[in-house]
Amino acid sequence: YIMTKKLYIKTYGCQMNVYDSRRMEGVLAPLGYRAQDSAEGADLVILNTCHIREKAEEKVYSDLGRVRQEKEKKSSMLIAVGGCVGQAEGEEIIRRAPFVDMVFGPQSYHQLPEMVTRAIRDNGGVVELDFAPERKFDALAESALPQGVSAFLSVQEGCDKFCSFCVVPYTRGAEYSRPLAAIEQEARRLVDQGALEITLLGQNVNAYHGDNGGSTASLADVIARLAAIHGLERIRYTTSHPRDMSDDLIAIHGTEPKLMPFLHLPVQSGSDAILKKMNRKHTAEFYLDIIARLRASRPDIAFSSDFIVGFPGETEKDFEDTLTLVEQVKYAQAYSFKYSPRPGTPAAGDEQIAEDVKDGRLQRLQALLRMQQTAFNESSVGKTMQALLDRDGKLEGQLLGKSPYMQSVHVRDAENLRGQLVDVAVTGAYLNSLAAVILSEGRKAGVEGSCAADKNFSVRRVHSG
Ligand code: 5AD
Ligand code: SF4
């Protein structure tokens with residue numbers, strides 16, 4: 001008999017961290033740990049941190065202050081800092097916040113059961129900064145918890161690209177690709193547990209080159225293999241580097257209907273001079289050519305990107321080149337950031353752009369991106385598409401889902417459709433979402449007299465969990 005213990009994990013940053021947090025829950029479950037959604041009264045609190053920009057890191061230290069207050073009410077509480085801040089700062093965290101019991105990096109969390117035992121025995125002081133994802137995935141093989149209808153699956157970790165602004169190659173380590181068989185096994189398990197959609201994750205996911213019984217599999221090979229799994233309806237992958245958009249990957253966008261027509265393909269800047277300083281290893285023209293080839297392969301594909309403004313040396317002209325590129329691509333969605341110098345990265349020591357210049361550029365870029373996002377959403381009105389209804393909405397009877405293009409779709413009067421992939425007609429568009437009505441099977445088949453808003457619709461069940 002194992003006593004139930006309370007676990008609180010707070011996740012910062014990227015989807016890889018969301019996946020890792022769920023896996024942490026999985027390795028701790030056999031010890032009796034069950035997740036709750038606050039630090040209050042917890043036996044173990046884990047902050048799964050992000051080091052990508054300064055703000056994310058500051059947030060960790062301010063949250064640690066709050067967790068400490070909870071520990072004052074419950075002295076047996078263990079506090080752990082995991083993820084990329086853990087990896088980057090190691091023992092320094094315990095020096096700065098001595099009430100922290102455990103520090104570990106993204107490649108060490110499979111050792112959590114043993115770390116917890118040690119922390120209890122030695123009263124804290126546990127630091128684990130191992131760097132071998134191979135051992136982690138081997139150790140994790142049997143502990144994947146269900147993730148619901150939309151699941152993440154890590155296929156690749158780490159990065160060998162060394163963009164001059166980025167900490168990832170230092171915190172996540174060298175590129176590592178999991179063997180294809182292990183990925184397929186995990187995917188089948190996720191589908192058995194109810195997943196209809198799987199998003200393949202990697203810091204540099206399209207650099208994937210995993211073992212396939214002696215030969216090497218590409219990301220396109222992974223996609224083809226998973227597409228054959230009965231019951232899996234949607235496949236996505238993120239995040240990609242333009243340099244690794246290989247021919248087979250571009251081609252499979254045109255041939256595999258389960259691969260969703262949406263791609264997050266960060267370009268960071270539209271200026272060749274800045275791209276060179278960023279060590280991105282490609283030009284704006286190269287990127288635009290990839291976009292054109294993807295559109296030729298899958299005409300309805302939509303794009304998203306990341307942008308950095310105010311990178312050291314960025315002139316007004318360089319910034320305008322970024323705006324020009326945005327106008328050429330027409331994005332469905334995008335993230336943009338002010339450059340944040342990260343300790344230990346090559347660009348951190350260069351002369352910095354003034355904060356007010358960064359602010360002004362960010363606002364101009366974001367205004368353009370917002371216009372494009374709104375235009376893209378408006379172009380969906382009147383269209384029929386499938387939405388995967390994975391979450392409850394704020395209103396009674398409302399459900400939220402995702403369109404093929406990653407737009408949030410909300411539908412009303414849909415209580416009994418949670419977790420299903422349904423046909424919807426888009427009726428309204430906003431900056432960050434679409435409104436839609438469920439289409440009945442009859443209407444889909446073109447039967448006269450059935451109403452889109454009819455509450456007595458019948459919906460095809462794609463998968464019965
Ligand atoms: N400053 C600002 N943005 C950054 N990113 C990565 N490092 C930095 C940095 N030092 C952004 C990039 C990347 C995204 C995940 O975060 O745009 O694609
Ligand atoms: Fe960072 Fe560049 Fe690697 Fe992306 S490709 S993780 S931005 S170093």
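The values are calculated or read from the model by the stated rules, or taken from the named source; none is laboratory data. The structure displayed is predicted, hence computed values, not measured ones. Virtual Cβ from ideal backbone geometry, glycine too; neighbours counted across all protein chains shown.
Data overview
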{"item": "Test for PRO312: is it within 16 Å of ligand 1 (Cβ to nearest atom), touching a residue at least 60 places away in the same chain (Cβ under 8 Å) and over 30 Å from HIS253 (Cα atoms)", "result": "no"}
{"item": "Condition check for LYS317: loosely packed, with under 15 Cβ neighbours inside 10 Å and either among the aliphatic types (A, V, I, L, M) or not in a helix (DSSP H, G or I) (or both)", "result": "no"}
{"item": "Residue count for the stretch 126-151, restricted to those that are farther than 21 Å from TYR170 by Cβ and at pLDDT 95 or above", "result": "4"}
{"item": "Residue check for ARG298: of a type in the set (D, E, K, R), closer than 20 Å to ALA56 by Cα and either more than 16 Å from ligand 2 (Cβ to nearest atom) or crowded, with 19+ Cβ neighbours inside 10 Å (or both)", "result": "no"}
{"item": "When residues of the stretch 301-314 are limited to those that are farther than 21 Å from ASP350 by Cβ and among the aliphatic types (A, V, I, L, M), the one surrounded by the most Cβ atoms within 10 Å (Cβ to Cβ)", "result": "ALA302"}
{"item": "Residues of the stretch 379-416 that turn out to be over 25 Å from the mean Cα position of the chain (by Cα), surrounded by fewer than 19 Cβ atoms within 10 Å (Cβ to Cβ) and on the phi < 0 side of the Ramachandran plot, as a count", "result": "9"}
{"item": "Qualifying residue in the stretch 53-74 (condition: of a type in the set (Lys, Arg), at pLDDT below 95 and outside any helix (DSSP H, G or I))", "result": "yes"}
{"item": "Residue match in the stretch 177-186 (condition: crowded, with 17+ Cβ neighbours inside 10 Å, within 27 Å of ARG53 (Cβ to Cβ), within 16 Å of ligand 1 (Cβ to nearest atom) and modelled with pLDDT of 95 or more)", "result": "no"}
{"item": "Enumeration of residues in the stretch 1-33 that are among the β-branched types (Val, Ile, Thr) and in a helix (DSSP H, G or I)", "result": "VAL18, VAL27"}
{"item": "Odd one out for GLY349 among (1) closer than 30 Å to SER403 by Cβ; (2) surrounded by fewer than 19 Cβ atoms within 10 Å (Cβ to Cβ)", "result": "(1)"}
{"item": "Residue that is farthest from ALA302 (Cα to Cα), among those in the stretch 246-281 that are within 11 Å of ligand 2 (Cβ to nearest atom) and surrounded by fewer than 21 Cβ atoms within 10 Å (Cβ to Cβ)", "result": "ASN279"}
{"item": "Matching residues, the stretch 141-170, being away from ligand 1 (no atom under 16 Å from the Cβ) and over 20 Å from the mean Cα position of the chain (by Cα)", "result": "ALA141, GLU142, SER143"}
{"item": "Counted residues, the stretch 231-245 - those being within 17 Å of ALA292 (Cβ to Cβ) and out of contact with any helix residue (DSSP H, G or I) (no Cβ under 7 Å at 6 or more places or on another chain)", "result": "1"}
{"item": "Options ILE252, ILE291, ILE274; residue that is within 16 Å of ligand 1 (Cβ to nearest atom), β-branched (Val, Ile, Thr) and in contact (Cβ under 8 Å) with a residue 12 or more places away in the chain", "result": "ILE274"}
{"item": "Test result for SER340, surrounded by 15 or more Cβ atoms within 10 Å (Cβ to Cβ), in contact with a strand residue (DSSP E or B) (Cβ under 7 Å, 6 or more places away or on another chain) and not hydrophobic (A, V, I, L, M, F, W, C)", "result": "no"}
{"item": "Filter result for LEU323 (under 23 Å from GLU355 (Cα atoms), within 16 Å of ligand 2 (Cβ to nearest atom) and either in a helix (DSSP H, G or I) or polar (S, T, N, Q) (or both))", "result": "no"}
{"item": "Selection from the stretch 228-245 of residues that are buried (at least 16 other Cβ atoms within 10 Å of the Cβ) and small (Gly, Ala, Ser)", "result": "SER240"}
{"item": "Top-ranked residue of the stretch 191-227 - restricted to ones that are more than 16 Å from VAL149 (Cβ to Cβ) and hydroxyl-bearing (Ser, Thr, Tyr), ranked as surrounded by the most Cβ atoms within 10 Å (Cβ to Cβ)", "result": "TYR208"}
{"item": "Matching residues, the stretch 127-169, being touching a Cys at 6+ places or on another chain (Cβ under 9 Å) and closer than 30 Å to PHE99 by Cβ", "result": "VAL167, VAL168"}
